[in-house]
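Here the structure is laid out as structure tokens; the discussion comes afterwards.
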Amino acid sequence: MNSENLGWNAHCAEHFEPYEQQGLAAARVVRAGGGLYALLDGETEQTATLAGHLRQASSPDALPVVGDWVVTDPAAAGVRIEAVLPRRTALKRAAAGGRKSLAGHPSSAQVLAANVDTAVIVCGLDRDYNPRRIERYLTLVYESGATPVIVLNKGDLCPEVEMRRAEIEAIAFGVPVLVTSALGGDGLGELESFLRTGETLVLLGSSGAGKSTLLNRLAGAARQTTAPVSTAVGKGVHTTSHRELFPLPGGALVIDTPGLRELHLWGEGRDGLESTFPDIVALAERCRFGDCRHENEPGCAVRDALATGNLEAARLESYLKQQTQLAYAANRQDLSFQQADKKKWKVISQEIKRWQRDHGDP
Ligand SMILES: Nc1nc2c(ncn2[C@@H]2O[C@H](COP(=O)(O)OP(=O)(O)O)[C@@H](O)[C@H]2O)c(=O)[nH]1
Ligand SMILES: [Mg+2]
Ligand SMILES: [Zn+2]
């Protein structure tokens, strides 16, 4: 295998050039955890640590994640990551746990995977089925810059497959919706058509949806452990505990991920939200007020659509919830800068007061 097969492309080459001139090497992160990084350079897998200056990185999203291309020094003793090449795409969520800030860092985004071309949102057609969750994942994917595909898995367990597919197609606005059975093999050929040499595909979705089973099917071998769904709760046992990139024999790369217990969105603008909800965006353009919140304003085209049954209440709720999360995320960075600023001014004004007191200023 060479690095082209690991997804190396013109974008990587361009950003790597200055490092290459210094005799440095590039490799792709296939696994990360506990401060250690498993790297592939097309030949061997190596375990790397971070160079000191990266450990003190200004922001947690500057640290390498699965899918990243990193720079190492072959002349150094041990493998150390000296730099992370700029990401073409990055899947980010708001850091779990609602921490106010990560060790004082102004941003609280967590990067889940980098340099992904296609993001497959896997949803089980069993109790996992949830159109609102698919909408959240769609926004996450649109924000990342990757191309979404939706897979409704466990088709064998669902008597209304075509109804479900139509339901999701109606909210997916052109995103391919595939129905598969990872166990029986139905629909896998269609999914395989999204595997292209040198391109990276990530499997997203709840725990138990069948992501690892799909990966094993696509790889033609058991690469990841899967677990039977407990009949009591209809949920898969957690077997995938970390994100990992697998080069497939056909030349594509697949990242398997564990389910996200919490998916709080992170984004910089409105692009992701607007791509997920083009219907609501179009309606909102016809509201009487440009800043309509679609609550109880007169002339609200969104409310009218609810009343006539042209828009589902649950979908509007989903939109408003995502909007709130994204607005919060966007303000987050500003806010922590403002707070730092406020603190600075407080100190300065105290200094001035003290000076005035000491110098008897009127
Ligand atoms: N009936 C059925 N079971 C499936 C299918 N795909 C996966 N499973 C089962 O669902 C459970 C969870 O699968 P797994 O791949 O570990 O899910 P993951 O958490 O998304 O990686 C396992 O017992 C699988 O055998 C499917 O298409 N049909
Ligand atoms: Mg799994
Ligand atoms: Zn409105």
*asked:* Suppose the filter is within 16 Å of ligand 2 (Cβ to nearest atom) and either buried (at least 20 other Cβ atoms within 10 Å of the Cβ) or under 13 Å from the mean Cα position of the chain (by Cα) (or both); does residue 257 pass it?
replied: yes
*Determine whether the stretch 170-191 contains at least one residue that is open to solvent by less than 10 Å² (accessible area, probe 1.4 Å), out of contact with any Phe, Trp or Tyr (no Cβ under 9 Å at 6 or more places or on another chain), within 13 Å of ligand 1 (Cβ to nearest atom) and assigned to a helix (DSSP H, G or I).*
yes
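Name the one entry in 18, 60 that is outside the structural domain of residue 322 (by TED's automatic domain parsing), open to solvent by 30 Å² or more (accessible area, probe 1.4 Å) and under 23 Å from residue 144 (Cα atoms).
It is 60.
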*For residues that are closer than 21 Å to residue 156 by Cβ and not in a loop (DSSP other than H, G, I, E, B), scanning just the stretch 192-210, find the one that is farthest from ligand 3 (Cβ to nearest atom).*
192
*So how many residues does the stretch 139-156 have that are surrounded by 17 or more Cβ atoms within 10 Å (Cβ to Cβ) and assigned to a helix (DSSP H, G or I)?*
7
*asked:* What's the number of the only condition in (1) open to solvent by 20 Å² or more (accessible area, probe 1.4 Å); (2) at pLDDT 95 or above that residue 214 fails to meet?
replied: (1)
*Output the residue which, of all residues in the stretch 123-138 that are away from ligand 2 (no atom under 16 Å from the Cβ) and more than 24 Å from residue 279 (Cα to Cα), is surrounded by the most Cβ atoms within 10 Å (Cβ to Cβ).*
125
*Could you tell me which residue of the stretch 274-291 is nearest to ligand 2 (Cβ to nearest atom), considering only residues that are touching a Lys or Arg at 6+ places or on another chain (Cβ under 9 Å) and part of a loop (DSSP other than H, G, I, E, B)?*
277
*Among (1) touching a Lys or Arg at 6+ places or on another chain (Cβ under 9 Å); (2) surrounded by 19 or more Cβ atoms within 10 Å (Cβ to Cβ), which single condition is residue 28 missing?*
(1)
*Answer yes or no: is there a residue in the stretch 255-274 that is within 16 Å of ligand 3 (Cβ to nearest atom), β-branched (Val, Ile, Thr) and at pLDDT 95 or above.*
no
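Going by what's in this entry, would residue 57 be described as at pLDDT below 95 and of a type in the set (A, V, I, L, M, F, W, C)? Quick ask: steps written out before the conclusion?
Values: at pLDDT below 95: yes; of a type in the set (A, V, I, L, M, F, W, C): yes.
So residue 57 passes the test.
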*When the residues of the stretch 275-307 are filtered to those that are under 23 Å from residue 144 (Cα atoms) and open to solvent by less than 20 Å² (accessible area, probe 1.4 Å), which remaining residue is farthest from ligand 3 (Cβ to nearest atom)?*
276
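The values are calculated or read from the model by the stated rules, or taken from the named source; none is laboratory data. On a predicted model such as this, the values are computed, not experimentally measured, just so you know. Quick reminder, even Gly has a Cβ in these numbers, built from the backbone with ideal geometry, and neighbours come from all protein chains shown. Each accessible area value is taken on the protein alone, full model and side chains, heavy atoms only, with ligands, DNA and RNA left out. Shrake-Rupley method; radii C 1.70, N 1.55, O 1.52, S 1.80 Å.
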